[in-house]
1. Could you sort the peptides 383-395, 243-255, 128-140 by per-residue average Cβ neighbour count (10 Å cutoff), highest mean leading?
2. Considering every Cα-Cα pair within the stretch 288-412, what fraction, in whole percent, is farther apart than 27 Å?
3. Volume per residue, Å³, of the convex hull around the alpha-carbon atoms of the stretch 359-404?
4. Once you have the Cα-Cα distance between residue 290 and residue 373, take 0.36 nm times their residue separation minus that, and quote the gain in nm to one decimal.
5. Kindly provide log₁₀ I(q)/I(0) values, in the same order as q = 0.15, 0.27 Å⁻¹, from the Debye equation applied to equal alpha-carbon scatterers of the stretch 75-144.
6. Could you list 372, 260 so that the one with the fewest beta carbons within 10 Å of its beta carbon is first and the one with the most is last?
7. Subtracting the Cα-Cα distance from 0.36 nm times the residue separation, let me have the gained length for residue 214 to residue 362 in nm, one decimal.
8. Ratio of the stretch 114-180's C-alpha Rg to 2.2 N^0.38 Å, to two decimals?
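What follows draws every value from the coordinates through simple rules; no lab data is involved. As the structure is a prediction and not an experimental result, all values here were calculated from the model. Positions of Cβ are backbone-derived with ideal geometry, glycine not excepted, and every protein chain shown enters the neighbour counts.
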């Protein structure tokens, strides 16, 4: 038998189960049973799926029909269309966009004019995901995962960026090559994550003795943050290990595969929040309209395939920045510090567009009470979007600091 860090954690967990410190030794059935009872008593929780499109998308290709603005060069062949109260950019090359709004406009809100205050990918990305450009603060998905600490994976990152901050214990990554799946099954040890070999019996005995001492110490210790954190982590690990025959957490990297894993994790209640990121770059500085067109089509095609299965789930679709309203010399669009976001789900006053762009294609202000245009205010920031999502989940948006006022008019 080989001995690895996973072996050590497994033995420690067995010791704690035996002492009744983890789920009373009741195993997966007890864990799931109690979680189900709590859910039934408190009502269904609103879960979240974040789709993060890296590189800076161009809302003029799908979300922002600016045909009446002479300063904006719209894509060739595009027209303005409206379905279910949502104006959007229609194009023969992007039928999935039309199909999506035909089916889901009533539950959709487009937020226009979000100000990320930079044209640097790194700064814009952290701002879009956390509400602050300096880093260190948890991203919105991780903050929302606080409502699901009883889940095995409160915030499950199938792929894409994450900024867990002080809430890192709530976040788990699937891994670029399926490392989470291999960790659950134990096959990760075969990759060389081996502390000692079976030939080293003294080392194996040392591990067993250490586990025994640590187990006894936990049994005798008074409750505290470290003890509770480890007990919680071991309980989550036990639930995941028991699911290894029912679900795979490994993706082939495609957007479709990522979405399937995300939806299954949400359907099963394994995760409170999931983040996925299409495996493409939206950073198109040449021939932008033709390069962005298939990206929008693939994005909406993927979303359209899973939306009917996402009940009690809010889907948040963002990119870190927008693109310029004018084309450059290479028929491309460069970085732009205002962008749009798409939010779909229950609990919203759907079938509407919030915010907008002025004559210079800069964001317009929004009255948070009504969610209507208010040009006396500054353009909304991602912190406003994050505060709205926290309020939608019944969490305190005040954790995002001053200025992060939720758009109450968006909430049903």
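1. Final packing ranking: 383-395, 128-140, 243-255.
2. 27 percent
3. 79 Å³
4. Between residue 290 and residue 373, full extension yields an extra 26.7 nm.
5. Taken in order of the listed q values, log10 I(q)/I(0) reads -0.73, -1.04.
6. 372, 260
7. The residue 214-residue 362 span can extend by a further 47.4 nm.
8. Cα-based Rg divided by the globular estimate yields 1.17.
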